[in-house]
Amino acid sequence: MEVLKVEQLSQSFGGLSILEDISFSIGAAEKVALIGPNGAGKTTLMNVLSGFIPPRAGRIYLLGNDVTRMPSHRRVSLGLSRSFQINTLFSHLSLLTNVLLAIQGVQATRYQMIRPITAYKENFDKARELLELVDLWGERDSPITTLSHGQQRQVEIILALASKPRLLLLDEPSAGLTSGETGNLVHMIRNLMGDSTVFFCAHDLDLVFSMAERVVVLYYGQIVAQGTAKEIQNNPKVREIYLGVEQ
Amino acid sequence: MIWRVSKEQKKRLLRFAPHMVIGLLLLTLPIYTDLSIISLFNKILIYGLLVMSLDLLVGYTGLLAFGHAAFFGIAAYTTGILIKHYHVLSFWLSAPAGVLMAVLAAFVFGVIALRASAIYFLLITLAMGQLIHGIVRTSARPLGALTGGSDGLGGIPYPDLGFSFSFSPNSFYYFTFLIFIICALLLYWITKSPFGYSLQGIRESEIRARTLGYNTWLYQYISFIIGGLFAGVAGVLYVHYNGFISPEGVGMGASGLLWLMLIMGGSGTLWGGFIGSGIILSLQYFVSGFTPARWPLILGVCFVGIIMFYRGGILPPLTLLWKKMSHDGSLKG
């Protein structure tokens, strides 16, 4: 069964059409990249998929459920998770609290009012495990604002993965990182994603071709090509978009 | 048997030492002060609880609620009217009714106000606070006959707990103290719970909280109702303490004063609400004794000073100082 199925999705802001008649699907455990030049509609597509903005037309199915009009938090309980292009963290809370909040987000205990958050030992152990994996356990009591940009990017991914999502959306995971840092991040994502399905958008083509099994190309709100990394690399239309036409 | 104290317990004891010292001072207050000071501290406790309930909304959830005195007033008026006009003398009936009305108001206001966020939320809560102020201020019948209009509602006695016990100012102070401690502990537990941390997460980034699975609207709504509940408790205590409630205690001026207390004490710290209430009410008490006309000026100077030098309020630097002293100072061991 497809983890994500998108049918004839359209979105526009005012008279400006951002996404036009987008249809694609992603199977279980697939790693799919979304590429396209600036303004192609990548982030808008991510926002529509995560439920921040309702689409103008079309349908979205998550694990067979129609989630087109479903609020974001309920999509999360179905197994969706995402990271942001611009760091969107709980800046003034400690790193550990950030991770604990991410873990408890899909648990019923998140409404619990009388027991202290520290009483949930399994969550604490899970947070420790996640943070030790990226060597940030020593920083657990620091507020997010004191971490470097590179570390905050790692935390972005950790928070998205903490709920063990079925479908992980990553919006420009390597935004603002050096190529060395990107390498580490890719390594980390590979380690952590397990058999999650991953749909990510990126500008960095090295990142795309090292992680994606399949690539979807978006250009002015339309899908102009999709296929394996190799097919996309040799696709004349994609080459034209990225490199221009030889005069 | 020797009472062994582990290192962890010692650390905790040391951390809560200031709380215990203040608690002890408050507990023994009637021994070494006169009635007017006890009355002052009684008021500080009631407003302390009220500002702490506001802190749950402002400091923890990030909701800029500017009509908080309305819940306080609704509870005070409800209890007052029940006692005065309907002769519901038992505290066990009139007090829960007051708190219930405050909760119901929060229930309704929350739905309306939470359709907006940030500054718009502030404006809607301000408007609803003024609405309540307008309702209790009108002298038009039948409401005016119940509330006393702009004259206010007076002649409310100390609570009647039954079992032929009657309060003195001292015992009512202890009664307030007990309820304050219970409510403050409940609020403290809430802020340390998964729910409380979720509120802080929502304050930091609502969008991230939503993508982690939190129904942020519901959290804000529940927090708003809890805030209304504790404000209601404070309102019931106040009407018994003061024996009188007037529209001035309900409107924009009152809500503004609560914000002032919160900012002075430190928002997002919970206990800061109590500290802020203590500072402002003490200032009012002592300074207005010297120069009744100029006390707002002195208050203004203090406020500007705190904003300039301690933007986060008084409590955070005090906490830091205590941490430093108890960690590497002479108090160690």
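Every number here is computed from the coordinates shown, using simple stated rules; none is lab data. What you see is a predicted model; the values in this text were computed from it and never measured. Every residue, glycine as well, gets a Cβ built from its backbone with ideal geometry; the counts of neighbours run over all protein chains shown.
Once you sort the root eigenvalues of the Cα gyration tensor of the protein assembly as shown as a ≥ b ≥ c, which label holds: rounded (a/c under 1.5), prolate (a/b larger than b/c) or oblate (the other case)?
Since a/c reaches 1.5 and a/b is larger than b/c, the shape of the protein assembly as shown is classed as prolate.
Identify, among A:S12, A:A229, A:N87, the residue whose Cα sits farthest towards the positive end of the charge dipole of chain A, taking +1 on the Cβ of Lys and Arg and -1 on the Cβ of Asp and Glu, with the dipole about the Cα centre.
The residue sitting farthest along the positive end of the dipole is A:S12.
Can you work out the Karplus-derived ³J(HN,Hα) for every residue in the stretch B:108-115? Use 6.51 cos²θ - 1.76 cosθ + 1.60 with θ = phi - 60°, whole Hz, and x for glycine or proline.
6, 4, x, 4, 6, 5, 6, 6
Using +1 at the Cβ of each Lys and Arg and -1 at the Cβ of each Asp and Glu in the protein assembly as shown, identify which of B:F121, A:L96, B:G266 lies farthest towards the dipole's positive end.
B:G266
Normalised by the number of residues in chain A, what is the relative contact order in percent for Cα pairs under 8 Å and 6+ residues apart?
28 percent
Evaluate the charge dipole of the protein assembly as shown about its Cα centre and quote only its size in Debye, nearest 20, assuming +1 on the Cβ of each Lys and Arg and -1 on the Cβ of each Asp and Glu.
Dipole size: approximately 1080 debye.
Would you mind checking which residues have amide H under 5 Å from A:A57's amide H? H placed 1.01 Å from N; only 5 or more apart, or other chain.
Close amide H contacts, sequence-distant or interchain: A:S10.
Taking amide H atoms as placed 1.01 Å from N in the peptide plane, list the residues 5 or more away in sequence, or in a different chain, whose amide H sits under 5 Å from that of B:S193.
Result for B:S193 returns A:I117.
Using Cα pairs under 8 angstrom and six or more residues apart, how large is the relative contact order of the stretch A:86-153, in percent?
55 percent
Counting pairs of alpha carbon atoms under 8 Å apart in space and at least six apart in sequence, what relative contact order in percent does chain B give?
Relative contact order comes out at 30 percent.
So which residue, out of A:L207, A:L93, A:L185, gets the largest mean-square fluctuation from a GNM of chain A using Cα contacts under 10 Å as springs?
So, out of A:L207, A:L93, A:L185, the one fluctuating most is A:L93.
Classify the stretch B:148-269: rounded, prolate or oblate, from the alpha-carbon gyration tensor (a ≥ b ≥ c, eigenvalue square roots; a/c under 1.5 rounded; otherwise prolate if a/b is larger than b/c)? List each step's numbers first, then the result.
Values: a/c = 2.65, a/b = 1.82, b/c = 1.45.
Here the stretch B:148-269 falls in the prolate category.
Within 10 Å of each residue's Cβ, count the other Cβ atoms and sort A:E129, A:E181, B:E248, A:E172 from fewest upward. Intermediate results must be reported in sequence, preceding the final value.
Numbers: A:E129 11, A:E181 17, B:E248 14, A:E172 22.
Ordered from fewest to most neighbouring Cβ atoms within 10 Å, A:E129, A:E181, B:E248, A:E172 come out as A:E129, B:E248, A:E181, A:E172.
Please build a GNM for chain B, connecting alpha carbons under 10 Å apart, and tell me which residue among B:Y86, B:Y238, B:Y188 fluctuates the most.
Highest fluctuation among the options: B:Y86.
What list of ³J(HN,Hα) values in whole Hz, one per residue of the stretch B:129-134 in order, does the Karplus curve 6.51 cos²θ - 1.76 cosθ + 1.60 (θ = phi - 60°) give from phi, with Gly and Pro shown as x?
x, 5, 4, 5, 4, x
By the gyration tensor of its Cα atoms, with a ≥ b ≥ c the square roots of the eigenvalues, what is the shape of the stretch B:41-250: rounded for a/c under 1.5, prolate for a/b over b/c, or oblate?
Taking the square roots of the gyration eigenvalues as a ≥ b ≥ c, the stretch B:41-250 is oblate.
Using the Karplus curve 6.51 cos²θ - 1.76 cosθ + 1.60 with θ = phi - 60°, work out ³J(HN,Hα) for each residue of the stretch A:50-56 in order, rounded to whole Hz, and write x for Gly and Pro.
Coupling constants for the stretch A:50-56: 8, x, 6, 10, x, x, 6 Hz.
To test your reading of the geometry: what angle, between 0 and 90 degrees and rounded to tens, separates the Cα axis of helix A:149-161 from the longest principal axis of chain A?
Tilt relative to chain A: about 90 degrees.
Arranged by the count of other C-beta atoms within 10 angstrom, fewest first, what order do B:M325, A:M46, A:M70 take?
Result, fewest neighbours first: B:M325, A:M70, A:M46.
Please build a GNM for chain B, connecting alpha carbons under 10 Å apart, and tell me which residue among B:Q130, B:Q220, B:Q284 fluctuates the most.
Among B:Q130, B:Q220, B:Q284, the largest GNM mean-square fluctuation belongs to B:Q284.
Using Cβ contacts closer than 10 Å as the measure, can you line up B:D55, B:D34 from fewest to most?
Neighbour counts put them in this order, fewest first: B:D34, B:D55.
Can you pull the mean other chain C-beta count within 10 Å for peptide B:196-206?
If you average over the peptide's residues, the count of other-chain Cβ atoms is 6.
Among the lysines, which fall within straight-line cross-link reach of A:K164, defined as a Cα-Cα distance under 17 Å, with same-chain neighbours fewer than 8 residues apart omitted?
Cross-link targets: A:K31, A:K126.
In square nanometres, what is one fourth of the surface area of the convex hull spanned by the alpha carbons of chain A?
On the way: hull surface 58.8 nm².
Projected area, direction-averaged: 14.7 nm².
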